[in-house]
Every structure is written in C-alpha cells, then in structure tokens.
Amino acid sequence: MICENCKREHDGSYGSGRFCSQKCSRGFATKSKRKEINEKVSKSLKGSGHADINKTCEFCGKEFTVWYNKRNQRFCSAKCTAKFRANNEDIKNNISKSLKKYYKNPKTRNRLRDIGRKGGFGKRGYTKGGIHYQSNLEKKCFELLEDLNIK
C-alpha cells in the first residue's frame, strides 16, 4: 500500500491502512489548513497581544524598541550593557568580592593555574594542523603531538 501523505510504501497495519503512521495521518488532516495554523501559532508566540515598547538606553541614551515580554530590558545592546558594568563601581566591587571568595580556595587556584587559565577561559583557537583548543595547556599538548606526527 502507498501512504496518502508521504507516498511511501507501507504494510497497511496502521489504522485503516490509508497512512503509514499517526504522524502522516495527522499531517494529511492539517495540510489544507497549514497556512491558517501557522499564522495562529505565530500570533500566539509573539506575546500576549501587547504592543512593542519604546525605551531609552540607560547607558548611551539611544531610543530602541523591545517586545512587550522584554519590557524590563535596560540597554539597547550587549555592548552598552558591558560598558555600563565596566563603569559601575558597585558591580565591580561585587565581582571582586565574588572572585576573592572563589580564589581563596587553594585547590581552585592551583587547578586553574595547572590548566593554563589565569582566572578566565584562557586562549581558544586552532593549531596549525586545524585542531581546536580551549586552553594554553591544550594548545601546547596538541602542538607537541603535531610536531611528533602523532594523530
């Protein structure tokens, strides 16, 4: 038998035998209304019918528009957010306190030192042979293996 939806051959064991699976049967039933269904879903996903909101960036003063569900957004871009955080003394102090607390533990400090990271994510990139690395230690290991022709 041939499925009426996907046109593949099947054994006819599903339902009345017109379709190969539940997916095809439901897909066939909604095929003619697909455009209406897509519009309805799109409308429901766009929010709860609220209009877009015009805001002013707290850092640069530029006007920008956000969807209603993003109405608490304070900055026009990630760049302005980063600049604000870099210039805000309270945020700097909080980050400093948190890092001091984190690096008090000698185990953590040594672990980061051993893998070639100095409090961040370290270097990322590709070796000459095209192998991706995510720390200085990985880079050195992969380069050594490449120099020794070890795959």
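Read the figures in this text as sums done on the coordinates, not as results from a lab. Everything numeric in this text was worked out from a predicted model, so none of it was measured.
Is there a pair in Lys40/Lys70; Lys40/Lys62; Lys70/Lys107; Lys46/Lys92; Lys104/Lys140 whose C-alpha atoms are over 30 Å apart, and which pairs would that be?
Violating the 30 Å limit, Cα to Cα: Lys40/Lys62; Lys70/Lys107; Lys46/Lys92.
With springs only between Cα atoms under 10 Å, which of Thr65, Thr56, Thr127 fluctuates most in a Gaussian network model of the chain?
So, out of Thr65, Thr56, Thr127, the one fluctuating most is Thr127.
Can you tell me which of Asp52, Asp90, Asp11 moves the most in a GNM of the chain? Springs connect C-alpha atoms under 10 Å apart.
Asp11
Of the residues Ser77, Ser13, Ser44, which exhibits the maximal mean-square fluctuation in a Gaussian network model of the chain defined by a 10 Å Cα contact cut-off?
Ser13
Which entry in (1) 1.91; (2) 1.23; (3) 1.12 is this structure's computed Cα Rg over 2.2 N^0.38 Å?
Recomputing Cα Rg over 2.2 N^0.38 Å here picks out (1).
Below 8 Å between Cα atoms, with a sequence gap of 6+, how large is the relative contact order for the chain in percent?
Computed value for the chain: 9 percent relative contact order.
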